[in-house]
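The values are calculated or read from the model by the stated rules, or taken from the named source; none is laboratory data. Not measured: the values here are computed from a predicted model. Neighbour counts are summed over all protein chains in view; Cβ atoms, including those assigned to glycine, are modelled from backbone coordinates with ideal geometry.
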Amino acid sequence: MARLGAFCFPGTGHINPMTALARALKQRGHDVVIFGIADTEARVRAAGIEFCRIGELDYPPGTLRALDERLGQLKGLATFRFTVERVKNTARMILRDGPAAVRAANVEALLVDEADMGGNVAEYLRLPFISIAMFPPLIQDDRIPPFCFDWPAGLDWFSRLRNNLGFRLLSRIAAPIFSMVNDQRRAWGLKLLRRPTDALSTLAQIAQLPEALEFDVPGKPGHLHYTGPFVDPQQRPPVAFPWDRLDGRPLVYASLGTLQNGSESIFRTIAEACAGLNAQLVISLGGGLDPSRLGMLPGDPIVVSYAPQLEILKRAALVITHAGLNTVLESLAEGVPLVAIPLGNDQPGVAARVKARGAGLVVPRSKLNAGILRNAVETVLRERRFCDAAQSLKAAFAKVDGPSMAADVIERTLGLQNQPAAIGIAHAEVEMPLPGRARSAQSPV
């Protein structure tokens, strides 16, 4: 059995699926250690996974919440630019602290979140690594739009031209990340990265996105493996909920996730849109706001800081979501159709896939108002085709065990199947020219 390390972007939508995958590997006898910042340690250890803290100067306890609160105030391209800056500074910390931490942990291979830059550490230490996509996978294919755009896939010349322009824009926006990373790769004597997909593993790329939800485009890369939702219900902490307040009407569940959940106006719009419908609205604020700040909302919805999402979804008739991939996958796994209000980052791309598969409607934030949202909610509740499409995806999801499929790919790629011994790949014994000094703990992004 092997000892594996993992680098994961410090957000709930990344930590939860990565720990679910780590637990699946642990059940097969492998040791997994996740390298991360202080604010993620408790969650990782609660899942029963070994943790190694890095970035203590850059990210002291409490930093993550401040960053998430700032993210929750942004929208659209500003959200993506902020995320780019955040990824850049996290990458700087990983390139500085990662090599020594990986050596000290004595791991033999790495699993690297595609939103993270730990693959550079693996290359430097001459360790094999596998890319793990917690959002729609990065694919350099002009038939498929970059993950952050809300366009459909297409084989026509216009779609291909638009997608190529999208890739150029994505590369330009992400240029600060790759400029900083390439400075370190140059110091390490590694080949420079020229486009975002250059940072991915050439051995295997594992997406938790099920193939049933991906755009229907043939001929995807052979080393790209679609699996399924990385969900482990046992690792979810219990959450109190006023079940006695449910009155039997069709249940509409609204959540903007745990990152971009600080917009009072959107929650108020959701409440206004659902008021008067033959449905009961439950709003989960995801910890972004105190329910008391919203006061009395139209329609008297149930408003909670956190909801037991997996249990709520089993009762829901419809989900209003920001189109974060985890909420979308968990909803569709229960056959629940969606109304998506994408706010930024990968969410437009996730919403586009939901729309393409007929499992919901999309309301762009730029057009969001109570009337338009109400019409979308009424349409999805009324027209059977949305529920049928969601139920079809539920059936497809039920045929796959995401964490187990991903573990199979990892074992097969690294040659671990039926091998009780370690991989036996030695660390590079070279001197490490480290990146620049840490940023001030008061101003990380």
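Data table
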{"quantity": "Counted residues, the stretch 354-381 - those being of a type outside the set (Gly, Ala, Ser), in a loop (DSSP other than H, G, I, E, B) and over 19 Å from residue 149 (Cβ atoms)", "calculated": "1"}
{"quantity": "Set 292, 284, 263: member being at pLDDT below 95 and either assigned by TED's automatic domain parsing to the domain that holds residue 15 or under 23 Å from residue 352 (Cα atoms) (or both)", "calculated": "263"}
{"quantity": "Among the candidates 149, 178, 167, residue that is outside any helix (DSSP H, G or I), on the phi < 0 side of the Ramachandran plot and of a type in the set (Phe, Trp, Tyr)", "calculated": "149"}
{"quantity": "Options 408, 346: the member that is within 23 Å of the chain's Cα centre (by Cα), of a type in the set (Asp, Glu) and surrounded by 19 or more Cβ atoms within 10 Å (Cβ to Cβ)", "calculated": "346"}
{"quantity": "Meets criteria (modelled with pLDDT under 95, under 23 Å from the mean Cα position of the chain (by Cα), within 28 Å of residue 233 (Cβ to Cβ) and not in a loop (DSSP other than H, G, I, E, B)) for residue 310", "calculated": "yes"}
{"quantity": "Residue list for the stretch 1-59, filter: at pLDDT 90 or above and in a loop (DSSP other than H, G, I, E, B)", "calculated": "2, 8, 28, 29, 30, 37, 47, 48, 49, 54, 55"}
{"quantity": "Unique residue being touching a Leu at 6+ places or on another chain (Cβ under 6 Å) and either β-branched (Val, Ile, Thr) or surrounded by fewer than 20 Cβ atoms within 10 Å (Cβ to Cβ) (or both) when the list is 182, 164", "calculated": "182"}
{"quantity": "Residue match in the stretch 233-249 (condition: outside any helix (DSSP H, G or I) and in contact with a Gly (Cβ under 9 Å, 6 or more places away or on another chain))", "calculated": "no"}
{"quantity": "Some residue of the stretch 73-89 being part of a loop (DSSP other than H, G, I, E, B) and at pLDDT 80 or above", "calculated": "no"}
{"quantity": "The stretch 185-210: number of residues that are under 26 Å from the mean Cα position of the chain (by Cα), surrounded by fewer than 18 Cβ atoms within 10 Å (Cβ to Cβ) and without any contact (Cβ under 8 Å) to a residue 40 or more places away in the chain", "calculated": "3"}
{"quantity": "Residue 177 being of a type in the set (A, V, I, L, M, F, W, C), surrounded by fewer than 21 Cβ atoms within 10 Å (Cβ to Cβ), at pLDDT below 90 and in contact with a Lys or Arg (Cβ under 7 Å, 6 or more places away or on another chain)", "calculated": "no"}
{"quantity": "Filter result for the condition that a residue is over 25 Å from residue 96 (Cβ atoms), of a type in the set (Gly, Ala, Ser) and in contact with a Leu (Cβ under 9 Å, 6 or more places away or on another chain), over 46, 2, 38, 20", "calculated": "2"}
{"quantity": "Within the stretch 152-164, tally of residues that are part of a loop (DSSP other than H, G, I, E, B) and either out of contact with any Phe, Trp or Tyr (no Cβ under 6 Å at 6 or more places or on another chain) or without any contact (Cβ under 8 Å) to a residue 40 or more places away in the chain (or both)", "calculated": "4"}
{"quantity": "Residue under evaluation residue 339, criteria (1) buried (at least 24 other Cβ atoms within 10 Å of the Cβ); (2) part of a helix (DSSP H, G or I), criterion not met", "calculated": "(2)"}
{"quantity": "Residues being more than 25 Å from the chain's Cα centre (by Cα) and over 19 Å from residue 374 (Cα atoms) - total across the stretch 275-294", "calculated": "4"}
{"quantity": "Subset of the stretch 278-295 that is in contact with an Asp or Glu (Cβ under 7 Å, 6 or more places away or on another chain) and either hydrophobic (A, V, I, L, M, F, W, C) or not in a strand (DSSP E or B) (or both) - its residue that is surrounded by the most Cβ atoms within 10 Å (Cβ to Cβ)", "calculated": "289"}
{"quantity": "Any hit, the stretch 399-413, residues being within 27 Å of residue 163 (Cβ to Cβ), charged (D, E, K, R) and modelled with pLDDT under 95", "calculated": "no"}
